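The values are calculated or read from the model by the stated rules, or taken from the named source; none is laboratory data. Predicted model only: the values in this text are computed from it and were never measured. FYI the Cβ positions are ideal-geometry reconstructions off the backbone, even for glycines, and counts take in every protein chain you see. Side chains included, ligands, DNA and RNA excluded: accessible areas come from the protein's heavy atoms. Shrake-Rupley method; radii C 1.70, N 1.55, O 1.52, S 1.80 Å.
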Amino acid sequence: MKEEIKRLRKEKNAVILAHYYQTGDIQDIADFVGDSLALAQWAAETAADIIVLCGVHFMGETAKILCPDKKVLVPDLNAGCSLADSCPADKFTEFVRRHPGYTVISYVNTTAAVKAVTDIVVTSTNAKQIVDSFPEDTNILFGPDRNLGNYINSVTGRNMLLWDGACHVHEQFSLEKILTLKEQYPEAEIITHPECKQPIIQVSDFVGSTAALLRHTIQLDKKQFIVATESGVIHEMKKKSPDKEFIPAPPNDSTCACNECSFMRLNTMEKLYNCLKYETPEISIDKEIQVKAVKPILRMLEISKQLGL
Ligand code: 13P
Ligand code: SF4
């Protein structure tokens, strides 16, 4: 199957982009593996005719918004996102309407329709810098992740108005189990994604996007890390630092040691092969929404470029 995927990719001039939360085999065969920002940047720049986005639906949508004339495939279209689902477009549009004069900043984990009523999109890699780029007296409405919003408020000193959404995976981490792990591994750094709840963030040594966490594990002269984000990223962490130990932070409600996003894991090698072979399922977006949604994404890419992100 691996050889066939490689052959089809070449034959069809397709590029395979994968998020760090995909299974290791998908990450290994992808042309590029990255976080949400990197996936958008690569999609915007690729010369391929077909983009196979191994991630969740909103990531495929972001690629399609940026490249409306390309074919964008996601191996399993049911790969949704609880955070994007926590922000229905009609309710968010109403929220925006009730707050005239506010600048609307949306996390990339949103539907195209939410992006269409947004002034600028952010990811966890650039959210702080983009919020900082607005004058201090700007009224900002931030959605949909209340945890990321609270974290950005705390590191920027802002008081952004927050939409009350969350990611079911990142909200699941158990503070108690993390502290028990820390007793077991006293030398380990606790590294955490900002979609986690505040008590987890407070006990963390480092907070950052998936790519920032990965970079931190490479750069820091430490041997052990307790990783409080989706455990898929540990695949790349181990590849980059084979001499280091990565301990997945456990969720609250199960006996499992690690925390996986069930949506992300809907994509499999077999579905990747089939979607390349049959060129389906394909992401499609209403033209009117695409035209509106592309502006806040391009604005994010432009600022990220200026910031060197
Ligand atoms: P990043 O890839 O931007 O770190 O976001 C994490 C996430 O939850 C993706 O859905
Ligand atoms: Fe969405 Fe959370 Fe899964 Fe990321 S980990 S895709 S935010 S449900």
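A few remarks follow.
- The selection criterion, being within 15 Å of ligand 1 (Cβ to nearest atom) and in contact (Cβ under 8 Å) with a residue 60 or more places away in the chain, does not hold for SER174.
- Applying the set (1) within 16 Å of ligand 1 (Cβ to nearest atom); (2) open to solvent by 10 Å² or more (accessible area, probe 1.4 Å); (3) more than 22 Å from GLN172 (Cβ to Cβ) to LYS91 leaves exactly one unmet item: (1).
- Single match in THR23, THR110 (criterion: within 16 Å of ligand 1 (Cβ to nearest atom), open to solvent by less than 20 Å² (accessible area, probe 1.4 Å) and of a type in the set (S, T, N, Q)): THR110
- Region 126-149, residues that are open to solvent by 30 Å² or more (accessible area, probe 1.4 Å) and within 16 Å of ligand 1 (Cβ to nearest atom): LYS128, GLN129, ARG146
- The listed residues are ALA48, ALA30, ALA44, and the only one of them that is over 11 Å from the mean Cα position of the chain (by Cα) and more than 16 Å from ligand 1 (Cβ to nearest atom) turns out to be ALA48.
- Scan region 218-246 for residues that are assigned to a helix (DSSP H, G or I), polar (S, T, N, Q) and within 16 Å of ligand 1 (Cβ to nearest atom) and the total you get is 1.
- Residues (open to solvent by less than 40 Å² (accessible area, probe 1.4 Å), more than 16 Å from ligand 2 (Cβ to nearest atom) and closer than 22 Å to GLU176 by Cα) located in region 202-237: SER204, PHE225, ILE226
- All conditions but one from (1) within 16 Å of ligand 2 (Cβ to nearest atom); (2) part of a loop (DSSP other than H, G, I, E, B) apply to LEU309; the one that does not is (1).
- When VAL108 is tested against the conditions (1) under 18 Å from the mean Cα position of the chain (by Cα); (2) under 24 Å from PHE225 (Cβ atoms), the lone failure is (2).
- Condition check for ASP69: outside any helix (DSSP H, G or I) and within 16 Å of ligand 1 (Cβ to nearest atom): no
- Subset tally (residues that are hydrophobic (A, V, I, L, M, F, W, C) and either free of Cβ contacts under 8 Å to residues at least 24 places away in the same chain or within 16 Å of ligand 2 (Cβ to nearest atom) (or both)) for region 93-135: 6
- Single residue of region 179-195 satisfying the filter (β-branched (Val, Ile, Thr) and crowded, with 22+ Cβ neighbours inside 10 Å) that is farthest from the chain's Cα centre (by Cα): ILE190
- Residue count for region 162-171, restricted to those that are within 12 Å of ligand 1 (Cβ to nearest atom), farther than 13 Å from THR110 by Cα and open to solvent by 10 Å² or more (accessible area, probe 1.4 Å): 2
- Candidates GLU245, GLU279, GLU270: the one that is open to solvent by less than 60 Å² (accessible area, probe 1.4 Å) and either closer than 30 Å to ALA14 by Cα or among the charged types (D, E, K, R) (or both) is GLU279.
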